[in-house]
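Novice: Before we start, here is the structure in question, set down as structure tokens.
The values are calculated or read from the model by the stated rules, or taken from the named source; none is laboratory data. No experiment lies behind these values; they were computed from the predicted model shown. Note: ideal-geometry Cβ built from the backbone for every residue, glycine included; neighbour counts use all protein chains shown.
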Amino acid sequence: MSTIVVNVARRPDLTHAEFVDYWRNRHAPLIRSCPQFTEQLVSYTQYDAHAGPRDLAGLFGGSGDYDGVAVLRFRNRKALEDAFACDDYINRIRPDEPNFVDLDNCSAHVTDAFDVLGAPSRLFDVSGKTAVVTGGAKGVGAMIASALCEAGADVIVLGRDEAAGKDFVAGLEGARGTCRFVEADLASNEGVAAAAREIAGLADKIHVLVNNAGAFAAGPIEDANQQSWDSLMALNLRAPFFLIQALLPQLKAAAVAGDPARVVMIGSIGALWGRSSNGAYAYGASKAAIHQLTRMLASDLTAGGINVNAIAPGFFPSDMTDGFFSAVPGLKDQVVAGIPAGRLGTAEDIGGAVLYLASRAGAYVSGTVLPLEGALWQA
């Protein structure tokens with residue numbers, strides 16, 4: 001492993017506070033958005049020299065009055081050389097450095113590092129990838145968006161509730177990745193088209209698309225009506241398909257050899273078993289269609305560098321399941337008692353499943369429906 005240590009001096013016309021703000025809030029996200037560069041990195045760490053001892057730079061082999069220290073660790077010397085020769089660095093990162101750094105008064109040196117603690121596996125690394133999560137500010141969608149952002153992805157969250165979206169984004173401040181909220185109503189064709197246009201304006205590449213937005217309804221067959229049926233089908237089934245269609249250029253642009261773009265559809269355990277789930281007819285039918293749509297899309301898109309998979313969650317805490325449980329007293333305890341795992345799903349469970357499918361670990365998986373239900377259906 002090779003490490004480059006850069007003792008950084010701010011540009012003379014910047015205050016230290018302005019330097020740190022630019023370095024962390026503009027330059028770091030830029031680095032994360034350059035996959036040609038970041039795929040060579042094991043880690044990139046910024047140290048604010050003024051926040052610690054005055055001789056902090058000296059601890060890393062430098063001397064002088066520096067404003068910060070950047071430590072970039074690469075897998076080996078060739079990875080270091082490849083990173084600084086790649087187009088991402090030459091055309092995007094390097095031109096930004098004079099905006100905040102006094103290049104003439106910085107110093108850098110390279111050393112071979114000895115790992116006392118090994119670096120985390122790159123198998124599940126999504127740093128630098130751009131992910132879109134529909135319905136991503138609440139419930140299972142928020143669990144997924146949080147996991148991707150904490151793992152280093154730049155996440156675009158779609159949702160109808162602007163206040164909830166802004167609160168969600170604010171709660172992820174300080175995560176490894178970034179998060180932006182786009183207000184969108186995917187229940188109509190116009191809403192899907194508008195959302196796709198806004199996403200395309202924010203990112204020219206979409207590495208991960210999670211189609212999570214959906215609605216749930218249940219009741220006696222006698223109470224079912226065509227309007228509620230069509231409304232649920234529009235959001236649960238039509239919107240995911242046409243959003244994929246609209247974002248195909250960005251998904252194709254993100255695909256590289258060995259690392260395809262990923263579409264993750266959120267299905268349901270309700271589409272795996274034959275129970276009506278208290279009359280959730282439209283919901284179960286829409287999610288069963290999502291499972292089949294996943295297989296069909298995978299058969300057409302995988303060869304072009306876009307993997308398509310579905311996750312079929314069981315019972316996770318959300319507004320949807322809260323409403324489901326509250327409608328029938330004692331149902332939650334009854335459901336948990338019937339789950340061999342003995343509990344509801346957690347954010348780590350659904351987040352980990354998405355990270356698997358979205359990262360190098362899942363690059364050879366396409367066309368599958370992954371049950372995530374604590375053996376409730378399978379066992």
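Novice: Can you tell me which residue in the stretch 255-270 is surrounded by the fewest Cβ atoms within 10 Å (Cβ to Cβ), limited to those that are over 19 Å from the mean Cα position of the chain (by Cα) and without any contact (Cβ under 8 Å) to a residue 60 or more places away in the chain?
Specialist: Ala257
Novice: Further, regarding this structure: Which one of these is modelled with pLDDT of 85 or more, more than 23 Å from the chain's Cα centre (by Cα), surrounded by 12 or more Cβ atoms within 10 Å (Cβ to Cβ) and not assigned by TED's automatic domain parsing to the domain that holds Thr178: Ala70, Ala57, Ala17? Break it down into steps so the answer makes sense when it comes.
Specialist: Working: Ala57 fails: modelled with pLDDT of 85 or more; Ala17 fails: surrounded by 12 or more Cβ atoms within 10 Å (Cβ to Cβ).
Testing whether each residue is modelled with pLDDT of 85 or more, more than 23 Å from the chain's Cα centre (by Cα), surrounded by 12 or more Cβ atoms within 10 Å (Cβ to Cβ) and not assigned by TED's automatic domain parsing to the domain that holds Thr178 leaves just Ala70.
Novice: Identify the residue in the stretch 1-20 that is in a loop (DSSP other than H, G, I, E, B) and touching a strand residue (DSSP E or B) at 6+ places or on another chain (Cβ under 8 Å) and, among all such residues, is nearest to Lys78 (Cα to Cα).
Specialist: Filtering the stretch 1-20 down to residues in a loop (DSSP other than H, G, I, E, B) leaves 1, 9, 11-15.
Subsequent filtering for residues that are touching a strand residue (DSSP E or B) at 6+ places or on another chain (Cβ under 8 Å) retains 1, 9, 11.
Values: Met1: 10, Ala9: 27, Arg11: 31 Å.
For the stretch 1-20, the residue satisfying everything is Met1.
Novice: Further, regarding this structure: Can you pull out every residue in the stretch 129-180 that is surrounded by fewer than 22 Cβ atoms within 10 Å (Cβ to Cβ), assigned to a loop (DSSP other than H, G, I, E, B), touching a residue at least 24 places away in the same chain (Cβ under 8 Å) and not charged (D, E, K, R)?
Specialist: Scanning the stretch 129-180 gives Gly152, Leu172, Ala175.
Novice: Pick out the one residue from Ile244, Ile199, Ile206 that is farther than 25 Å from Phe325 by Cβ and assigned to a loop (DSSP other than H, G, I, E, B).
Specialist: Numbers: Ile244 fails: assigned to a loop (DSSP other than H, G, I, E, B); Ile199 fails: assigned to a loop (DSSP other than H, G, I, E, B).
From the options Ile244, Ile199, Ile206, the qualifying one is Ile206.
Novice: If I filter the stretch 293-303 for residues that are modelled with pLDDT of 95 or more, under 28 Å from Pro220 (Cβ atoms), charged (D, E, K, R) and within 27 Å of the chain's Cα centre (by Cα), do I get at least one hit?
Specialist: No, the conditions are met nowhere in the stretch 293-303.
Novice: Looking at Val354, is it of a type in the set (A, V, I, L, M, F, W, C), part of a helix (DSSP H, G or I) and more than 30 Å from Val256 (Cα to Cα)? Walk me through it before giving the result.
Specialist: Values: of a type in the set (A, V, I, L, M, F, W, C): yes; part of a helix (DSSP H, G or I): yes; more than 30 Å from Val256 (Cα to Cα): no.
Answer is no for this residue.
Novice: Same structure again: So which residues in the stretch 220-254 are within 26 Å of the chain's Cα centre (by Cα), over 17 Å from Asp185 (Cβ atoms) and surrounded by fewer than 20 Cβ atoms within 10 Å (Cβ to Cβ)?
Specialist: Gln245, Leu248, Pro249, Lys252, Ala253, listed by residue number.
Novice: Could you check how many residues of the stretch 248-270 are in a loop (DSSP other than H, G, I, E, B) and closer than 30 Å to Thr321 by Cα?
Specialist: Within the stretch 248-270, the first condition is being in a loop (DSSP other than H, G, I, E, B), and the residues that meet it are 255, 257-258, 260, 267-268.
Adding the requirement that they be closer than 30 Å to Thr321 by Cα leaves 267-268.
Number satisfying all stated conditions: 2.
Novice: Same structure again: Determine, yes or no, whether Ala217 is in a helix (DSSP H, G or I) and either outside the structural domain of Leu148 (by TED's automatic domain parsing) or surrounded by fewer than 23 Cβ atoms within 10 Å (Cβ to Cβ) (or both).
Specialist: Judged against the criteria, Ala217 is not a match.
Novice: Only one of these is at pLDDT below 95 and under 18 Å from Asp349 (Cβ atoms): Ser326, Ser318. Name it. Quick ask: steps written out before the conclusion?
Specialist: Values: Ser326 fails: under 18 Å from Asp349 (Cβ atoms).
Residue meeting the stated conditions: Ser318.
Novice: Which helices (runs of 4 or more DSSP H) does the stretch 271-344 wholly contain that include 3 or more residues that are touching a helix residue (DSSP H, G or I) at 6+ places or on another chain (Cβ under 7 Å) and surrounded by 19 or more Cβ atoms within 10 Å (Cβ to Cβ)? Working first, answer last.
Specialist: On the way: elements: 281-301, 319-326, 331-338.
Of the helices (runs of 4 or more DSSP H) lying wholly inside the stretch 271-344, those with at least 3 residues that are touching a helix residue (DSSP H, G or I) at 6+ places or on another chain (Cβ under 7 Å) and surrounded by 19 or more Cβ atoms within 10 Å (Cβ to Cβ) span 281-301.
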